[in-house]
Amino acid sequence: MKIEAKKRFGQNFLKDSAVLERIIQSMPKSDRVVVEIGPGLGDLTQKLLKTKDVIAFEIDRDLCHLLGQKFHKQIQEGRLKLVCADVLDHWDKSLADQEYDLIANLPYYVATNIVLKALEDPKCKNILVMLQKEVADKFSARPKEREFSSLSVLAQSSGEAKRLFIVQPDSFTPPPKVDSAVLLIQKKRNLEDKKFMQFLKIAFKQPRKTLIKNLAQEYPKELLDQIFGQLGLKPTIRPHEATTSIYHRLYEMLKETIDGKKRQNRDNPDAAASHAK
Ligand code: SAM
């Protein structure tokens, strides 16, 4: 069967064996099973199967059929589990019922979403993925770098993120329009608090504005002035200049004060009503 790359599924097949080998060399040492999202024509899968058991999710039925034939033996032996479906339909809390490392050349149209889900997934221990270079930079940037973003804070809150190497478009068939990069996140904990993620969205909403201006769109300005003072933060600080630990402190202090006020109002509604007049 002749396979044409389908744009809607983000299909750019990695054909450069030197790059495939570098991905394999970069795998964190572990005995865990590998989850691969989007095995495509199976080039990376083949290399992974030399040392690992693999669970692979592929959305494209044509490719799935081809993979079923190509890896018939490994599927029979139970070394490869091939799931022919949209990976996002299978991802509730965890993508697998055992601990795993995610290793994949991701479809770029959902790559950010997939990495965020993997950061939340308690069974996922390491993430080694190829994605758009720009997105890899956002996940791996350090404070004060131009690319430092909510994604950097989330990755650093979960573990250590590093951009390992850049891959040029001509390593793929068909070549993508952008440069790619391999990103490694070694997780130490899982992201759990959805509200923290929403808080970061607000903090980085307009990256060129000051942090306090962004936050003031959601939180009372007097409270922010007070907390910035307590933390010794200049009111001119921009979102990319604060560190990950500052974001956690800010969030905790805002939450404590706001939750405390809500509790007070609930316990003493009369006082709250007269205050509001
Ligand atoms: N791993 C192959 C390689 O390195 O050549 C293919 C990578 S290609 C960039 C992305 C792959 O992800 C394609 O095979 C595509 O069909 C698959 N894919 C896209 N969206 C998906 C989804 N939501 N769930 C599972 N697979 C998906």
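The values are calculated or read from the model by the stated rules, or taken from the named source; none is laboratory data. The model shown is predicted, which means the values in this text are computed figures rather than measured ones. Positions of Cβ are generated from backbone atoms using ideal geometry, with glycine treated the same way; all protein chains shown enter the neighbour counts.
So the values come out like this:
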| item | result |
| --- | --- |
| Leading residue by the ranking (nearest to the ligand (Cβ to nearest atom)) among those in the stretch 1-16 that are free of Cβ contacts under 8 Å to residues at least 12 places away in the same chain and over 17 Å from S180 (Cβ atoms) | R8 |
| Any hit, the stretch 44-59, residues being within 11 Å of the ligand (Cβ to nearest atom), touching a His at 6+ places or on another chain (Cβ under 8 Å) and among the aromatic types (F, W, Y) | yes |
| Some residue of the stretch 212-235 being in contact (Cβ under 8 Å) with a residue 12 or more places away in the chain and within 16 Å of the ligand (Cβ to nearest atom) | no |
| Boolean, S157 is part of a loop (DSSP other than H, G, I, E, B), in contact (Cβ under 8 Å) with a residue 12 or more places away in the chain and either assigned by TED's automatic domain parsing to the domain that holds A181 or within 11 Å of the ligand (Cβ to nearest atom) (or both) | no |
| Selection status of L20, touching a residue at least 40 places away in the same chain (Cβ under 8 Å) and of a type outside the set (G, A, S) | no |
| Among residues of the stretch 17-40, those that are more than 13 Å from L82 (Cα to Cα) and within 15 Å of the ligand (Cβ to nearest atom), counted | 10 |
| Any hit, the stretch 7-21, residues being among the aromatic types (F, W, Y), more than 17 Å from L128 (Cβ to Cβ), part of a helix (DSSP H, G or I) and touching a Phe, Trp or Tyr at 6+ places or on another chain (Cβ under 9 Å) | yes |
| Condition met for K29 (at pLDDT below 95, in the same structural domain as L164 (by TED's automatic domain parsing) and farther than 18 Å from L106 by Cβ) | yes |
| Residue match in the stretch 89-106 (condition: part of a helix (DSSP H, G or I), within 24 Å of I23 (Cα to Cα) and either without any contact (Cβ under 8 Å) to a residue 40 or more places away in the chain or among the small types (G, A, S) (or both)) | no |
| From the options S140, S149, S94, residue that is away from the ligand (no atom under 13 Å from the Cβ), polar (S, T, N, Q) and surrounded by 22 or more Cβ atoms within 10 Å (Cβ to Cβ) | S140 |
| Boolean, V110 is among the β-branched types (V, I, T), farther than 23 Å from V19 by Cβ, crowded, with 17+ Cβ neighbours inside 10 Å and at pLDDT 95 or above | no |
| Residue count, the stretch 248-269 (criterion: without any contact (Cβ under 8 Å) to a residue 60 or more places away in the chain and either within 30 Å of the chain's Cα centre (by Cα) or not in a helix (DSSP H, G or I) (or both)) | 11 |
| Residue within the stretch 64-81 that is part of a strand (DSSP E or B), surrounded by fewer than 17 Cβ atoms within 10 Å (Cβ to Cβ) and either away from the ligand (no atom under 12 Å from the Cβ) or within 22 Å of the chain's Cα centre (by Cα) (or both) present | yes |
